2 protein chains.
Amino acid sequence: MSKSNNVYKDAFNRCLRLLDETRSLPSEPELGTLLGVSRTTVRSILARMEETGLIAWNKRDKTVLRPPRPQDFFPEEETDSLAEIIERSFMRRLLAEGAEAGMQINELELAREIGVGTTSVREFLIRFSRFGLIEKRRNSHWVLKGFTRAFALELTEIREMFELRSAAAFAALPEDSAVWADLDRLEVEHRQLAGEIATRFNEFSELDERFHRLIHRASHNRFIVDFYDVIAMIFHYHYQWNKAEERQRNEVAVQEHLAYIAALKSRDPGKVDTACRKHLKSARQTLLSSIPEGRQAQPA
Amino acid sequence: MSKSNNVYKDAFNRCLRLLDETRSLPSEPELGTLLGVSRTTVRSILARMEETGLIAWNKRDKTVLRPPRPQDFFPEEETDSLAEIIERSFMRRLLAEGAEAGMQINELELAREIGVGTTSVREFLIRFSRFGLIEKRRNSHWVLKGFTRAFALELTEIREMFELRSAAAFAALPEDSAVWADLDRLEVEHRQLAGEIATRFNEFSELDERFHRLIHRASHNRFIVDFYDVIAMIFHYHYQWNKAEERQRNEVAVQEHLAYIAALKSRDPGKVDTACRKHLKSARQTLLSSIPEGRQAQPA
DNA sequence: ATAATGTCTTTTATCGTGAAAAAACATTTT
DNA sequence: AAAATGTTTTTTCACGATAAAAGACATTAT
């Protein structure tokens, strides 16, 4: 099996959702941009839609014949890229009990366990290494550094440096910058979420990421912007793992964000600094409190 | 050709240099640690040394029969790892004329040009991406962001944040920390180099790297320590490329380092901050002045 | 009994290969 | 002539295979 066609399957599923909304589909290049795939893939999708009687396809004419049924969709798990599959497996292992710092990581074993080729695992590990959780020994195995307290402290130290600087840069942006409209929109979303926090608290983490990325982008520094990937990854898995007090935590965070947004809009550097610090402090506390005291780094 | 034996060849060459110093070689495990390779490789080395009449090998006894001759060494170029070869080729292209921002990078073409498999090129590009000079388009090619003025400014911005913080942490280290002895040793090396700067100015960049890495390590933050890899890489190639005023630049930098070292030893935060800022400012100037004004990023 | 050597097994590094997906080129339609 | 469709070529992604190198185990020497 040389390469899975998950790009096609995922785009097909997304295309099915478009069918509900229109009588006929747009041109091939347009569909390509819409779905984020090449025309080659678009044509495979159209071919199958024709075969299964979803559309009538003749050159420019792509008329919708019937609405999509559940069985038209490809199963969710077939739409994931290999990288996603490997990442999930790896993180499950990493966050599971028994993943102690200093432990060695075996490419071949990982590949066999997940059921993929070694190349994909190697490439994943190289990409993953920038998160600072693993390290390669030259000509030899990888070493797990572990999701320790030290890691969390080092991560938050950088995060705080970067975000304070980005927030200051944000507040100094000219009145006519497009970011103020983005911020307004995020503020509305925050207020809506705050109003229905009892039922929608689990939607917070997605909003959180969008909010912080907007701020980091104001730094206009690729290293700062890219570093948010590390934070996002950690928070993503961290929240999957630690559901304790989730609702209350998010409720507090939403309010902190609203205060932070107000400070940014005031454009007063002092207020921005205070609001940013306050939020970062509680974010750090949340992360730290979730790491068992016992998980300590092994002495090198 | 599945894998080159450069590890063996490089270790063999290094082992030859040991022959000059002793009558007989130590045990296999000891040699392994000394050369940084496994016993398997050590035994291949010993086998060849026996074959070529360099040593008499019988179990624990490894007597040196004759000093190594130039023709005993493997050619330098055969001792480089594939990753090094690819990196050099890639950087040559990147720094050559015509490597404009926005240009797309073709894995297959690169692999063919260098004469290696695509897997190795892919892995290199993934590793290299953390330097912020290239970026991957999902399911498609890599895009060159280019060694532009913007890149240099973003890089130095982070460097300055990190180094100021590390220097402050360094100065606050307890009297009995081992770093003070390291610093003393580096100071001596700086004074020696300063005395013979006319002839040895080209040895500065290696000393520079060791000095800054020592300071960064005081941060005890893996992200800060790792970031120095980005700086080191850029400076490494930058200095190969831009030899203008090298001697004078290095002469100034050595003096700035000595002032910086004195400030650290004073343990006065104000003095440290001043000396560090001064040096970083001139380092930034040097880097910026070497980037042609014309090299601008393409609009996205 | 400890540490070395000798032997065998496992893992890593790299390639060539083939299908999926993108991209380029040619042709037709509006 | 601009933009779509139809067709062909190129590139990316992922695999299994193989030699180099590491590592584990068994044996021998001090």
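General remarks:
- Qualifying residues in the stretch B:107-126 (those that are away from DNA strand C (no atom under 11 Å from the Cβ) and under 20 Å from the mean Cα position of the chain (by Cα)) - the one farthest from A:SER129 (Cα to Cα): B:LEU125
- Number of positions in the stretch A:39-72 that are within 16 Å of DNA strand D (Cβ to nearest atom) and part of a helix (DSSP H, G or I): 13
- Residue in the stretch A:73-86 that is touching a Lys or Arg at 6+ places or on another chain (Cβ under 7 Å), of a type in the set (Gly, Ala, Ser) and in contact (Cβ under 8 Å) with a residue 24 or more places away in the chain present: no
- Residue identified as more than 10 Å from DNA strand C (Cβ to nearest atom), more than 27 Å from the chain's Cα centre (by Cα) and crowded, with 18+ Cβ neighbours inside 10 Å among A:LEU25, A:LEU31, A:LEU16: A:LEU25
- Boolean, B:ILE85 is within 16 Å of DNA strand D (Cβ to nearest atom), closer than 20 Å to A:VAL225 by Cβ and modelled with pLDDT of 95 or more: no
- Checking each residue in the stretch A:112-138 for being more than 10 Å from every other protein chain (Cβ to nearest Cβ) and of a type in the set (Gly, Ala, Ser) picks out A:GLY115, A:GLY117, A:SER120.
- All positions within the stretch A:11-31 that are within 12 Å of DNA strand D (Cβ to nearest atom), within 15 Å of A:MET49 (Cβ to Cβ) and part of a helix (DSSP H, G or I): A:GLU28, A:LEU31
- Among the residues listed as A:GLY102, A:GLY98, the single one being more than 14 Å from every other protein chain (Cβ to nearest Cβ), of a type in the set (Gly, Ala, Ser), within 16 Å of DNA strand D (Cβ to nearest atom) and not in a helix (DSSP H, G or I): A:GLY102
- Tally, over the stretch A:34-46, of residues that are of a type in the set (A, V, I, L, M) and within 12 Å of DNA strand C (Cβ to nearest atom): 4
- Among residues of the stretch B:279-293 that are more than 17 Å from B:GLU209 (Cβ to Cβ), those with a beta-carbon under 8 Å from a residue that is modelled with pLDDT under 90 and of a type in the set (S, T, N, Q) at least six positions away or on a different chain give the pairs B:SER290/B:ASN242.
- Positions within the stretch B:88-99 being out of contact with any Leu (no Cβ under 9 Å at 6 or more places or on another chain), modelled with pLDDT under 95 and of a type outside the set (A, V, I, L, M), in sequence order: B:ARG92, B:GLU97, B:GLY98
- For the stretch B:112-127, the criterion of being farther than 29 Å from B:CYS276 by Cβ, in contact (Cβ under 8 Å) with a residue 60 or more places away in the chain and either within 11 Å of DNA strand D (Cβ to nearest atom) or surrounded by fewer than 19 Cβ atoms within 10 Å (Cβ to Cβ) (or both) is satisfied by no residue at all.
- Failed item in (1) more than 10 Å from DNA strand C (Cβ to nearest atom); (2) more than 30 Å from A:HIS279 (Cα to Cα), with A:PHE151 passing the rest: (2)
- Checking each residue in the stretch B:7-38 for being in contact with a Leu (Cβ under 8 Å, 6 or more places away or on another chain) and within 14 Å of chain A (Cβ to nearest Cβ) picks out only B:ALA11.
The values are calculated or read from the model by the stated rules, or taken from the named source; none is laboratory data. As the structure is a prediction and not an experimental result, all values here were calculated from the model. Glycine gets a Cβ as well: all are built from the backbone with ideal geometry, and neighbour counts include every protein chain shown.
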